[in-house]
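Q: Before we start, here is the structure in question, set down as structure tokens.
The values are calculated or read from the model by the stated rules, or taken from the named source; none is laboratory data. Model, not experiment: these values are computed from the prediction. Reconstructed Cβ throughout: ideal geometry from the backbone, glycine too, with neighbour counts over all protein chains shown. Areas reflect the complete protein model, heavy atoms only, side chains present, ligands, DNA and RNA absent. Shrake-Rupley method; radii C 1.70, N 1.55, O 1.52, S 1.80 Å.
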Amino acid sequence: MSALSTSDAPLDILAIAAHRDDVEQTCGGTLLKMAQRGRRTGILDLTQGEMGTRGTAEDRAREAEEAAKILRVSWRQALDIPDGRVENTFENRLKVAHVIREQRPRVVILPYWKGRHPDHYTASTLGYEACFLAGLAKLDFSAASVDAGATKLPPHRPFKIIYATLYYDVRPTFVVDITELFETRFQALMAYKSQFSDQEAGKDLFPAQAEIRARIEAMARFYGLLGGVTYAEPFLQKEVGLVEDLTLIPVKSI
Ligand SMILES: [Zn+2]
């Protein structure tokens, strides 16, 4: 199941999202940037994409693996939560908590907790509560279909949780400059050929590839502008920022 797993070292950053291709759209450039800096990154997709109008879950698995290679992700896995029915149940929280104990990420990226698609905002709360559960020493995994060794994994809670806000119109608390990585991130998204290549099936529902590129570029430009760079990805943190040296705070005021 853990395709692309190259070692047992903890992940530095784990991005959790409802659907395969969500991470590519909301924070793929940031993951690639971190990988280029030597960080171990990972992606947990909660569903396998079996409800998609185009392609099968198997197509999407292959495409997700290809996208992960482009983004230089060290670890990627998809859970078996039903697509279109991501629910914040105890069993689902345990499944995610198990991954958090296994991969021991320092930073977790979750979707923002509001949005149009119920799977997206539910994944946010589910992910947050799973991070909390994963730190409870006496957590009992027997209610979930995770392997028996799960109980033996030591508790772990990520140090930092941030929210990828691209799918929702909310002012981010910070953006990550992906100017140098924009093209590669776009290629990672285009690895989902069953979804994004121009084709007959569902063409009233899906925009043409040129239109997708224009939209993605406009969003990255907008958030880039907020950070004084060309392209960026938006994030929100609940905590306040902590500053050591006022002369080093980035982003021009005036
Ligand atoms: Zn999605």
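Q: Determine whether Ala18 is touching a helix residue (DSSP H, G or I) at 6+ places or on another chain (Cβ under 8 Å), modelled with pLDDT under 95 and open to solvent by less than 50 Å² (accessible area, probe 1.4 Å). Talk me through it step by step, then tell me what you get.
A: Working: touching a helix residue (DSSP H, G or I) at 6+ places or on another chain (Cβ under 8 Å): yes; modelled with pLDDT under 95: no; open to solvent by less than 50 Å² (accessible area, probe 1.4 Å): yes.
Answer is no for this residue.
Q: All but one of (1) assigned to a helix (DSSP H, G or I); (2) open to solvent by 20 Å² or more (accessible area, probe 1.4 Å) hold for Arg116; which doesn't?
A: (1)
Q: Looking only at helices (runs of 4 or more DSSP H) that fall completely inside region 1-78, which ones have 1 or more residues that are of a type in the set (Asp, Glu)? Even if it seems obvious, please write down each step before you answer.
A: On the way: elements: 22-26, 28-36, 57-70.
Correct list: 22-26, 57-70.
Q: Moving on. Which one of these is buried (at least 23 other Cβ atoms within 10 Å of the Cβ), closer than 28 Å to Phe182 by Cβ and either within 16 Å of the ligand (Cβ to nearest atom) or at pLDDT 95 or above (or both): Ile109, Ile70, Ile100?
A: On the way: Ile70 fails: buried (at least 23 other Cβ atoms within 10 Å of the Cβ); Ile100 fails: closer than 28 Å to Phe182 by Cβ.
So the residue among Ile109, Ile70, Ile100 that is buried (at least 23 other Cβ atoms within 10 Å of the Cβ), closer than 28 Å to Phe182 by Cβ and either within 16 Å of the ligand (Cβ to nearest atom) or at pLDDT 95 or above (or both) is Ile109.
Q: Right, Arg40: open to solvent by less than 20 Å² (accessible area, probe 1.4 Å) and either more than 16 Å from the chain's Cα centre (by Cα) or not hydroxyl-bearing (Ser, Thr, Tyr) (or both) or not? Please lay out each step first, then the result.
A: Working: open to solvent by less than 20 Å² (accessible area, probe 1.4 Å): no; either more than 16 Å from the chain's Cα centre (by Cα) or not hydroxyl-bearing (Ser, Thr, Tyr) (or both): yes.
So Arg40 does not fit the description; no.
Q: Same structure, new question: I need the full set of residues from region 79-93 which are touching a residue at least 24 places away in the same chain (Cβ under 8 Å) and either polar (S, T, N, Q) or not in a loop (DSSP other than H, G, I, E, B) (or both), in order please.
A: Asn88, Phe90, Glu91, Asn92, Arg93
Q: Which one of Glu239, Glu217, Glu211 is of a type in the set (Asp, Glu) and within 27 Å of Leu11 (Cα to Cα)?
A: Glu239
Q: Can you pull out every residue in region 94-113 that is in a loop (DSSP other than H, G, I, E, B) and in contact with a helix residue (DSSP H, G or I) (Cβ under 8 Å, 6 or more places away or on another chain)? Reasoning before the result, please.
A: Residues of region 94-113 that are in a loop (DSSP other than H, G, I, E, B), as a first pass: 104-106, 112-113.
Passing the criteria: Tyr112, Trp113.
Q: Given the condition buried (at least 22 other Cβ atoms within 10 Å of the Cβ) and farther than 28 Å from Asp177 by Cβ, answer yes or no: does some residue in region 53-66 qualify? Steps first, please.
A: From region 53-66, those buried (at least 22 other Cβ atoms within 10 Å of the Cβ) are 60, 63-64; that's our starting set.
Subset that is farther than 28 Å from Asp177 by Cβ: 60.
Yes; the residues of region 53-66 include at least one that is buried (at least 22 other Cβ atoms within 10 Å of the Cβ) and farther than 28 Å from Asp177 by Cβ.
Q: Right, another one. Restricting to region 32-54, name every residue that is touching a residue at least 40 places away in the same chain (Cβ under 8 Å), touching a Lys or Arg at 6+ places or on another chain (Cβ under 8 Å) and within 16 Å of the ligand (Cβ to nearest atom).
A: Across region 32-54, the qualifying residues are Leu44, Thr47, Gly52.
Q: A further question on this structure: Search region 104-119 for residues that are of a type in the set (Ser, Thr, Tyr) and pair each with any residue that is more than 10 Å from the ligand (Cβ to nearest atom) and not in a loop (DSSP other than H, G, I, E, B) when their beta-carbon atoms are under 8 Å apart and the residues are at least 6 apart or on different chains.
A: Qualifying pairs under 8 Å: Tyr112/Tyr121; Tyr112/Ser124; Tyr112/Tyr163; Tyr112/Ala164; Tyr112/Leu236.
Q: Then there is this: Given the conditions (1) closer than 19 Å to Ile162 by Cβ; (2) in contact with a helix residue (DSSP H, G or I) (Cβ under 8 Å, 6 or more places away or on another chain), report the number of the one that Leu79 does not fulfil.
A: Unmet for Leu79, out of (1) closer than 19 Å to Ile162 by Cβ; (2) in contact with a helix residue (DSSP H, G or I) (Cβ under 8 Å, 6 or more places away or on another chain): (1).
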